[in-house]
Amino acid sequence: MRPGTASRSAGGASSRAAGEERALTSVAAGERYEEPKDLPRLWHVTLSVSGQEAPLKEVRRALEQLAHDHPFLLTSRYANDHAEIRYWEEARDLHDAAAVALRLWGEHRQSAGLPPWEIVGLEVIDRETYHQRIAEGYGPPPATPVGVHPY
């Protein structure tokens, strides 16, 4: 074993000798830590759907089930012929976040009992852009109260 390192025994306890310290590493002055580019990021997704009228009670129940099935759902607004769903998605890049969003309605249509509406709008923005818009007074206000609400 190299000085300053310790190995773990089968039980997970350190086999480092009493008084032996682990070597610390540091960043040289002036250097900055940068996140690797391929780590997942948070993306704010707004998915708009519409179609033929459906009973409001059924639309609400379906969106509540979708929120249960998709735990990152922030808020849904609905009417009898359209809805808007807003949530955070964790993905490597915009393409991955958009692909998941475009599948969301279709993949949950049967399990949540969603109306047979089509996707008519999609916006995917990164977390920094979302917060910048809010700070500047643009875009929709933060999703409060969270949940499923009529327009």
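Does the range 130-147 contain any residue that is assigned to a loop (DSSP other than H, G, I, E, B), at pLDDT 95 or above and either out of contact with any Cys (no Cβ under 7 Å at 6 or more places or on another chain) or not charged (D, E, K, R) (or both)? Among the residues of the range 130-147, not one is assigned to a loop (DSSP other than H, G, I, E, B), at pLDDT 95 or above and either out of contact with any Cys (no Cβ under 7 Å at 6 or more places or on another chain) or not charged (D, E, K, R) (or both), which makes the answer no. Can you find a residue in the range 110-131 that is surrounded by 16 or more Cβ atoms within 10 Å (Cβ to Cβ), among the aromatic types (Phe, Trp, Tyr) and without any contact (Cβ under 8 Å) to a residue 60 or more places away in the chain? No, every residue in the range 110-131 fails to be surrounded by 16 or more Cβ atoms within 10 Å (Cβ to Cβ), among the aromatic types (Phe, Trp, Tyr) and without any contact (Cβ under 8 Å) to a residue 60 or more places away in the chain. One residue stands out among those in the range 54-91 that are within 15 Å of Gly121 (Cβ to Cβ) and hydrophobic (A, V, I, L, M, F, W, C): the one that is most open to solvent (accessible area, probe 1.4 Å), which is Ala79.
Applying the condition of being basic (Lys, Arg) and modelled with pLDDT of 95 or more to the range 42-81 and asking which residue is farthest from Ala112 (Cα to Cα) yields Lys57.
Selection of first residues in the range 83-107 that are closer than 14 Å to His44 by Cβ and of second residues that are open to solvent by 30 Å² or more (accessible area, probe 1.4 Å) and of a type in the set (Phe, Trp, Tyr), restricted to Cβ pairs under 8 Å at least 6 apart or on distinct chains, gives the following pairs, ordered by first then second residue: Tyr87/Phe72; Trp88/Phe72; Glu89/Phe72; Glu90/Phe72.
Tell me, yes or no, whether the range 92-100 has at least one residue that is open to solvent by 20 Å² or more (accessible area, probe 1.4 Å), over 15 Å from Phe72 (Cα atoms), basic (Lys, Arg) and part of a loop (DSSP other than H, G, I, E, B). Scanning the range 92-100 turns up at least one residue that is open to solvent by 20 Å² or more (accessible area, probe 1.4 Å), over 15 Å from Phe72 (Cα atoms), basic (Lys, Arg) and part of a loop (DSSP other than H, G, I, E, B).
The values are calculated or read from the model by the stated rules, or taken from the named source; none is laboratory data. Keep in mind it's a predicted model, so treat the numbers as computed, not measured. All Cβ positions, glycine included, derive from the backbone under ideal geometry; neighbour counts span all protein chains shown. Heads up: the accessible areas ignore ligands, DNA and RNA and are worked out on the full protein's heavy atoms, side chains in. Shrake-Rupley method; radii C 1.70, N 1.55, O 1.52, S 1.80 Å.
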